[in-house]
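Colleague: Here it is, the structure, as structure tokens.
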Amino acid sequence: MRLLYLTAGAADMYCGSCLRDNALAAALKARGHDVVLMPVYTPTRTDEANVSESRVFFGGISVYLQQHVPFLRRTPAVLDRLWDATPVLRLASRRQIKVDPSQLGRLTVSMLRGAEGNQAKEVDKLQQWLATEPRFDVVNLPFTLLIGLAKPLRQRLGVPIACTLQGEDLFLEQLGEPWKADALALIRRAVPDVDVFMAVSDYYRTFMSGYLGIESGRLRTVPLGITTEGHATRPVRTAPPYTVGYFGRIAPEKGLHLLADAYRRLRARMADVPMRLLAGGYLLEEHRGYFADITRKMGQWGLGHEFRYAGAPDRAGKIALLHEMDVFSMPATYDEPKGMSVLEAMANGVPVVQPRRGAFTEIVEKTGGGLLVPPDDPDALAETLQSLLADRARAEALGAAGAAGVRQHYGVARMAEAAEAVYRELARAC
């Protein structure tokens, strides 16, 4: 099959959705499909071989300028070449342009209007490129925030449209009003323009059915998958010092502050056992105050010397970081639909302790790679972390089960097989 897969770049940030889209495209290519992975907004950043195209549609600078400078919506597209150029977009990305959803309401609504929005010229650029390409069998949108493209793409190509569901509700819920209500209304109105929606977890499939009013028959689960090559278990540490680990975006909704609070309670329970709290992941400019507050509190608790932030390493650095951990937790404060870093921790034999919410529940129950605790409860989290640090045999058993479970249920081949089945179903129905 020939597939056009749009993927939304996240500036210079490692993004779970970008990593997932790139891994899926690479796996489908390996299965013999002709996949064009086309970035929108910015080039993508991945920690594996990047299989996306060099060209970027809906370049972030053009999208922004056309939103705020009306005459640029009508100028010839040739004038946009400077700021649409990949090097310029990469340079702008490194400056960490803020993507706070509360400030992006008007632009989000305009993008959802598709060919009727302020970025209609960008839709035309995509349409003109499509006219020069061999026919695609299926087009895949990366999330419903680009659902405004479904109708013009269907009209141009006459092929089925699929749309991945992988976490956009968090962004939508943070929009201010009236933009949130308008955005949701536009998405729900465009749902009929999409043939099938592909959720990254069973939890998210059920949730988004109700959230967006999508008929259950038009939803499929294509479970999240990771490339397990390079991930490997290491001998379980049976004596201190121990490391409690976190890996994920440094943001309030990912819950590092909850883990820090749980670590404080854990140290009170195990005062005589040497240990540390190790965190890694991307830190956006708008979250530096949040991170500084965590660092300040750790110092006030007398634990500052036990806390280390390792930044956002590449793939090899990430695996090395996970190998330093004796137990892992990312206690998100919202119903996470993916949980990629949880899978990566388990792939390296690290037992996890996660809140019983979102996709975490099905991941832990399906793999057997960890324990579940009540959400937003640092005392329960501390107690469970203590149980695994005290019982190393149990930690070893959970780690081994997680490593095997990820490879059985959440490998990239499993994800590609599920996606391929959906695409074949769509192509046959066309």
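Read-outs: derived from the displayed coordinates by stated rules, not from any lab. For clarity, every value in this text was computed on a predicted model and none was experimentally measured. Because the Cβ atoms are built from the backbone with ideal geometry, glycine has one as well, and the counts that use them run over all protein chains shown.
Colleague: How large is the helix-only mean residue ellipticity at 222 nm for the chain, computed as the sum of -39500 (n - 2.57) over DSSP H runs with n ≥ 4, divided by its residue count, in deg cm²/dmol to the nearest 500?
Modeller: Here the helix-only value at 222 nm equals -14000 deg cm²/dmol.
Colleague: Could you please rank Ser341, Ser110, placing first whichever residue has the fewest other Cβ atoms within 10 Å of its Cβ?
Modeller: By the 10 Å Cβ count, ascending, the order reads Ser110, Ser341.
Colleague: Lysine pairs in the chain with alpha-carbon atoms under 29 Å apart, 8 or more places apart or on different chains: how many are there?
Modeller: 28
Colleague: Identify which of Ala395, Ala120, Ala30 has the largest mean-square fluctuation in a Gaussian network model of the chain, with springs joining Cα atoms closer than 10 Å.
Modeller: Answer for the Gaussian network model of the chain: Ala30.
Colleague: With just the Cα atoms of the chain, tell me how far they stretch along each of the three principal axes, in Å, largest first.
Modeller: That gives 69, 44, 37 Å along the principal axes, largest extent first.
Colleague: Sticking with this one: For Glu286 and Ala429, what is the calculated FRET efficiency with R₀ set at 51 Å and r taken between the beta-carbons, to the nearest 0.05?
Modeller: 0.70
Colleague: Moving on. Let me spell out the model: positive unit charges on the Cβ of Lys and Arg, negative unit charges on the Cβ of Asp and Glu, origin at the Cα centre of the chain. What dipole size does that give, in debye rounded to 20?
Modeller: So the dipole magnitude of the chain works out to roughly 640 debye.
Colleague: What is the extension gain from Arg188 to Asp377, computed as 0.36 nm multiplied by their sequence separation minus the C-alpha to C-alpha distance, in nm to one decimal?
Modeller: Taking 0.36 nm per residue and subtracting the Cα distance, the gain is 64.6 nm.
Colleague: Still on this structure: Just want the answer: with Cβ charges of +1 for Lys and Arg and -1 for Asp and Glu, which residue in Met1, Val406, Val422 is farthest toward the dipole's positive end in the chain?
Modeller: Met1
Colleague: Now for a separate question. For the pair Trp129/Ala390, report the inter-label distance in nm, with labels modelled 7 Å from Cα in the Cβ direction.
Modeller: 5.7
Colleague: A further question on this structure: Any number yet on Rg/Rh for segment 245-344, C-alpha, Kirkwood?
Modeller: A ratio of 0.94.
Colleague: Could you check the spin-label model distance between His409 and Lys29? Points 7 Å from the Cα along Cα→Cβ, value in nm.
Modeller: Rounded to a tenth, the inter-label distance reads 3.0 nm.
Colleague: Something else now. For segment 326-430, what percent of Cα pairs sit more than 16 Å apart?
Modeller: Of the Cα pairs, 58 percent sit more than 16 Å apart.
Colleague: Another question, if that's okay. If packing is taken as the mean number of other Cβ atoms within 10 Å per residue, what is the order of 46-59, 192-205, highest first?
Modeller: Those peptides, ordered most packed to least, come out 192-205, 46-59.
Colleague: Still on this model: Cα axis of helix 16-30 to longest principal axis of the chain: angle in degrees, 0 to 90, nearest 10?
Modeller: It is inclined by approximately 70 degrees.
Colleague: When ranked by the protection proxy of mean other Cβ atoms within 10 Å per residue, highest first, what sequence do the peptides 178-184, 20-26, 383-389, 261-267 form?
Modeller: So the order, starting with the most tightly packed, is 20-26, 261-267, 383-389, 178-184.
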